[in-house]
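Taking it in order: structure first as C-alpha cells, then the write-up.
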Amino acid sequence: MKAIDLFAGAGGLSEGFRRAGFDIVAHVEKDFTASLTLKTREAYYYLKDNSKMDIYIKYLSGKISRQELYENIPEEVLNKVINQEISDETNDEIFNKIDKLLNGEPVRIILGGPPCQAYSLVGRSRDPNRMKNDPRNYLYKQYLKYISRYRPEVFVFENVSGLLSANNGVIFDSIQNDMRTLGYNIDYRLLNSRDFGVLQSRRRIILIGWIDDLDFQYPDFNVIENEYTIKDLFLGLPNINAGDKIDFEETQIEINNCLKELHINNDFNYITQHIARPNNKQDLEIYRLCVDTWDRESRQLKYNELPENLISHTNKKIFLDRFKVVPYEGISHTVVSHISKDGHYYIHPDINQNRSITVREAARVQSFPDDYYFESSRTAAFKQIGNAVPPLMAETIAESIKEVLDE
C-alpha cells in the first residue's frame with residue numbers, strides 16, 4: 001500500500017507505518033539534516049533487505065563517508081526523500097517527483113502534520129501577537145492540496161494539542177471544514193503516547209480522514225499497561241559524564257523484555273550517538289541538587305528553591321520547573337525540540353553521571369530503535385527527535401488502518 005509522508009521530519013510516522021507493511025513512496029521534508037536522516041534510514045532498509053548490513057555498519061563507524069554509503073544505494077531509493085519546502089512555488093515540482101515514484105500506482109494513505117510552532121502553547125506565550133498572523137497557522141492548506149491531488153482512501157494528520165485552542169479554536173474548525181469539503185469523513189482524538197507503550201507522556205492530536213465509501217470508523221485503541229520504566233529502557237547504555245560521548249562502539253548489549261517489546265533493540269550490538277552535551281559548573285551543581293531532591297523526596301526541585309548563588313534569572317515566580325529529572329522508576333515527561341537548546345528539562349536520574357540525557361537515550365524515550373541514526377550533529381539530532389512522532393505509537397495506528405484497507 002503506497003503512502004506519502006509530508007512534513008516528514010526524522011521519519012517517526014514513516015517508521016511506524018513501514019513496520020505495519022506500508023510502502024512509503026515519498027518523504028517530503030524541508031529541513032536538510034532531517035532529510036539526510038531519512039536518506040540514511042532508507043539506506044538502512046535497503047542494505048538490510050539485501051543482506052549488506054556490513055556497509056551500514058561501516059558508515060556508522062566512520063569507515064566510509066556518506067557519499068560512499070550512497071554509492072551502494074540505488075538512486076530510486078534515495079530519491080524517495082524530497083528535500084523541499086512545501087509551498088505554492090514548489091508543489092508542482094514535488095508533484096512531478098512523487099508521480100515518478102508512484103509510476104501510475106495509487107496513493108492509499110497520506111501522513112503528516114504541518115510544523116506546529118504556531119499552534120503550540122509555549123510558542124504563543126512567547127509571541128506578543130499570540131501568533132495570530134503567523135503564516136505557519138495555514139500550512140495545513142498545503143497538506144490539503146496533496147490530499148486533493150492524490151485522493152488517498154485515508155489520511156492521518158498529527159499535531160500538538162495546542163491546535164485545539166489556537167485562535168480560540170477557529171483554526172482547527174477551519175481545518176476540519178476544509179477536510180470535509182474535500183469529501184472526507186473525519187474524526188480525531190487527543191492521544192497520549194504512554195497508552196501505546198511508549199515510556200513517555202506525550203499528548204498529540206491524531207486526526208484521521210477517510211473517503212465516504214470506506215467502511216471505517218476511528219479505532220478504539222486498547223491502552224497498553226506495561227510496567228517498564230526508564231531504568232529498563234536505558235539498560236545496556238554505558239555510564240558517561242557531561243561532555244563525554246560514544247559515537248560508535250561494538251559491544252554485546254544487554255537486552256531485556258522492555259527493549260525487545262518496544263522494538264528498541266533486536267540484536268543490534270552497536271552503540272551510536274550516546275552523546276552527552278557539556279555543561280558548565282553551575283548547571284552541573286543544579287543537576288546534582290535536582291537529582292538529590294528527587295532521590296530523597298520523589299519530587300522535582302523548583303527554581304526558587306535553589307541556593308541564591310545558583311539563581312541567575314531575576315524572575316522567580318514563573319517557569320519554576322526550568323530543571324526536571326527524568327525518573328528511573330517511572331516514564332519520561334514530553335520530549336520536545338527545545339532539548340536541542342539545553343538539557344535542563346531532561347536531567348539523567350543517575351547522580352553519579354550528573355548530566356542531561358544523551359541523543360541515544362532521548363531516541364529510546366521516543367521509541368526509536370538503536371539502529372536508527374540521526375544526521376548530522378548533536379543539536380540537529382536532538383531537534384529531530386524532539387519533533388518526531390514515536391514510531392511505536394505510529395505502528396499501532398498504522399495496523400488499525402491497514403486492517404480496514406486490507407479488506
Helix-derived mean residue ellipticity, 222 nm - over the chain, DSSP H n ≥ 4, -39500 (n - 2.57), to 500
-10000 deg cm²/dmol
Can you tell me, using C-alpha contacts under 8 Å and at least 6 residues apart, the relative contact order of the stretch 230-386 as a whole percent?
28 percent
Cross-link partners among lysines for K63, C-alpha distance below 22 Å, same-chain residues fewer than 8 apart left out?
K39, K48, K52, K245
For a quick check: sort K316, K281 by the number of other beta carbons within 10 angstrom, fewest at the front.
K281, K316
Which whole-number percent is the relative contact order of the chain (Cα, under 8 Å, 6+ apart)?
18 percent
Rounded to whole Å, √(5λ) for the Cα gyration tensor eigenvalues of the stretch 297-379, largest first, gives 26, 15, 11
Does the stretch 225-289 classify as rounded, prolate or oblate by the C-alpha gyration tensor (a ≥ b ≥ c root eigenvalues; a/c under 1.5 gives rounded; else a/b over b/c gives prolate, otherwise oblate)?
oblate
Where does the chain land on Rg(C-alpha)/(2.2 N^0.38 Å)?
1.00
Just order 4-10, 25-31 by mean Cβ neighbour count inside 10 Å, highest at the front, would you?
4-10, 25-31
Stokes-Einstein diffusion coefficient for the stretch 230-386 at 20 °C in a medium of 1.002 mPa s, Rh from the Kirkwood formula over Cα pairs: what value in µm²/s?
133 µm²/s
Expected output is a single nm value to one decimal: the length gained when fully extending between D215 and K316, i.e. 0.36 nm times separation in residues minus the C-alpha distance. What is it?
30.9 nm
Looking only at lysines whose Cα falls under 17 Å of K2's and that sit 8 or more positions away or on another chain, we get K80, K97, K100, K402
So for the stretch 135-259, averaging the separation of alpha carbon pairs under 8 Å that are six or more residues apart and normalising by length, what relative contact order in percent results?
22 percent
Going by the alpha-carbon gyration tensor, a ≥ b ≥ c the square roots of its eigenvalues, is the stretch 151-270 rounded (a/c under 1.5) or, if a/c is not under 1.5, prolate (a/b greater than b/c) versus oblate?
prolate
Length added when fully stretched, T251-S400, from 0.36 nm per residue minus Cα-Cα:
50.0 nm
Relative to the present Cα-Cα distance, how much length would full extension add between S65 and N96 at 0.36 nm per residue of separation?
8.1 nm
Arrange Y218, Y59 by Cβ neighbour counts within 10 Å, fewest through most, would you?
Y218, Y59
Sorted from fewest to most neighbouring beta carbons within 10 Å, what does the list E250, E361 look like?
E250, E361
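Only the coordinates and a few stated rules stand behind these numbers; no lab work does. Here the structure is a predicted model, which is why all the values come from computation and not from measurement. No Cβ is skipped: glycine too gets one built from the backbone with ideal geometry, and neighbour counts run over all protein chains shown.
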